[in-house]
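Can you keep this structure in mind? I'll have questions shortly.
The values are calculated or read from the model by the stated rules, or taken from the named source; none is laboratory data. Note that this is a predicted model, so its numbers are computed, not measured. Here Cβ is always computed from backbone atoms with ideal geometry, including for glycine, and neighbour counts include all displayed protein chains. Surface areas here come from the heavy atoms of the whole protein model, side chains and all, with no ligands, DNA or RNA. Shrake-Rupley method; radii C 1.70, N 1.55, O 1.52, S 1.80 Å.
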Amino acid sequence: MTFLQPAVPGRNPLPAPSANGSSEHSATARIPDAYRRISSHLAITPPVSVVIPAMNEAENLPYVFKTLPSWIHEVVLVDGNSTDRTVEVARELWPEVTVVRQRGRGKGDALIAGFAACTGEIIVMVDADGSADGSEIVSYVSALVSGADFAKGSRFANGGGTDDMTPVRKLGNRVLCAVVNAKFGARYTDLCYGYNAFWRHCLDRIDLDCTGFEVETLMNIRVVKAGLRVQEIPSHEYLRIHGASNLRAVRDGLRVLRVILRERSGRTRARGVRRPSVTPLGDAS
């Protein structure tokens with residue numbers, strides 16, 4: 001099945017049926033509504049699910065939802081036992097939203113629950129604090145339908161940026177990123193960033209098993225160890241709009257370091273698996 005087609009306004013990208021009801025590609029012709037036009041130049045068949053872990057983010061959700069593209073297949077909101085109107089606001093903004101009640105604690109636990117509820121072939125992770133621009137999703141999806149397994153957001157790739165990192169956090173991220181690159185053969189420019197997208201089948205290869213903010217680092221390491229093709233996507237991180245983050249630089253930095261050490265001391269990459277590829281957008285050849 002074709003995943004990528006030019007999108008021409010006013011024209012269905014599927015082949016037209018012949019007089020006898022068949023078409024050049026009959027299997028494709030049987031699903032005339034499968035393509036979603038995501039830009040003036042691109043249409044896709046894979047349904048895209050967006051997972052948003054949230055706890056007491058009612059004030060921020062309007063800013064998050066208004067940037068989400070209309071062509072996505074579903075929004076999965078994982079509610080971490082909010083005491084405000086997070087769930088109600090989400091349903092007002094996106095009536096078809098799937099709400100998952102988180103049973104455990106932590107961002108990793110929330111994401112794992114959200115991934116399990118997704119029905120799309122492509123899964124996008126978006127934070128609920130308003131720091132991510134949903135209009136960037138088209139770049140992530142474009143990378144995936146063009147051949148990547150995992151599209152990893154980077155604030156430090158050419159074209160990316162951040163308004164929400166202190167010098168201490170930048171230094172810590174840079175050091176931890178260098179350690180992962182050296183120990184696992186990656187070429188990441190950013191490590192601790194939660195705006196990523198991937199094909200659903202990747203979940204079978206990375207087997208997530210952590211509960212906190214370190215889940216992002218664990219995913220980045222395990223896609224490399226699994227030999228999956230990674231493409232970095234330049235992304236801009238904005239300031240949280242309302243409220244305070246639960247992130248604690250020292251505490252969560254140590255948790256990230258423990259994940260790196262644990263993964264390094266675990267099983268080595270199997271022989272015969274190709275070296276991982278991490279390509280900043282614009283440098284792909």
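Given 0.36 nm per residue, what is the gain on full extension from ARG174 to ARG200 after removing their alpha carbon distance, in nm?
Separation in residues times 0.36 nm, less the Cα-Cα distance, equals 6.5 nm.
Next question, about the same structure. Can you check what the net charge comes to around ARG101, using other residues whose Cβ is under 13 Å from the Cβ of ARG101 (Lys, Arg +1; Asp, Glu -1)?
0
Cα to Cα, under 18 Å, and not fewer than 8 places away if on the same chain: which aspartates and glutamates meet these conditions relative to LYS183?
GLU214, GLU216, GLU263
Write down the accessible area per residue of the range 74-233 in Å², having rolled a 1.4 Å probe over the full set of protein chains. If you can, show how the numbers build up before the last one.
Numbers: 6130 Å² over 160 residues.
Spelled out: the 1.4 Å probe surface of the range 74-233, per residue, equals 38 Å².
Continuing with this model, one more query. With each pseudo-label sitting 7 Å past Cα toward Cβ, what's the TYR238-VAL99 distance in nm, one decimal?
Label at TYR238, label at VAL99, 2.5 nm between them.
From Cα pairs below 8 angstrom and at least 6 apart in sequence, can you work out the relative contact order of the range 77-164, rounded to a whole percent? Could you put the intermediate results ahead of the total?
On the way: 52 pairs, mean separation 17.0, N = 88.
In percent, rounded to a whole number, it is 19.
Give me the dipole magnitude in Debye, nearest 20, for the range 61-162 about the Cα centre, with unit charges on the beta carbon: positive for Lys and Arg, negative for Asp and Glu.
It works out to roughly 240 debye.
What would the Debye equation give as log₁₀ I(q)/I(0) for the range 92-153 at q = 0.18 Å⁻¹, counting only Cα atoms as equal point scatterers?
The computed values of log10 I(q)/I(0) come out as -0.84.
Excluding residues on the same chain fewer than 8 positions from LYS107, give the lysines whose Cα lies under 19 Å from its Cα.
Candidates past the 8-residue exclusion: LYS152.
At a probe radius of 1.4 Å, what is the per-residue accessible area of SER154, in Å² to the nearest 10?
The accessible area of SER154 comes to roughly 0 Å².
How big is the antiparallel share of DSSP beta bridges in the range 89-235, given as a percent to the nearest 5?
Roughly 60 percent of the DSSP beta bridges within the range 89-235 come out antiparallel.
Hey, got the dipole for the range 157-231? About the Cα centre, +1 on K and R Cβ, -1 on D and E Cβ, debye to the nearest 20?
340
Go through 234-242, 53-61 and give me the packing order, highest mean Cβ count within 10 Å leading.
Result, highest mean Cβ count within 10 Å first: 53-61, 234-242.
Separate question: What accessible area, in Å² to the nearest ten, does a 1.4 Å probe give for GLU92?
120
Can you pull the percent of Cα pairs in the range 56-108 with separation above 16 Å?
For the range 56-108, the share of Cα pairs beyond 16 Å comes to 38 percent.
What full-extension length gain, to one decimal in nm, is calculated for GLU92 and ARG264 as 0.36 nm per residue of separation minus the Cα-Cα distance?
Gain on stretching GLU92 to ARG264: 57.4 nm.
Would you list CYS118, CYS192 from the most to the least accessible area, probe 1.4 Å?
If we order CYS118, CYS192 from most to least accessible, we get CYS192, CYS118.
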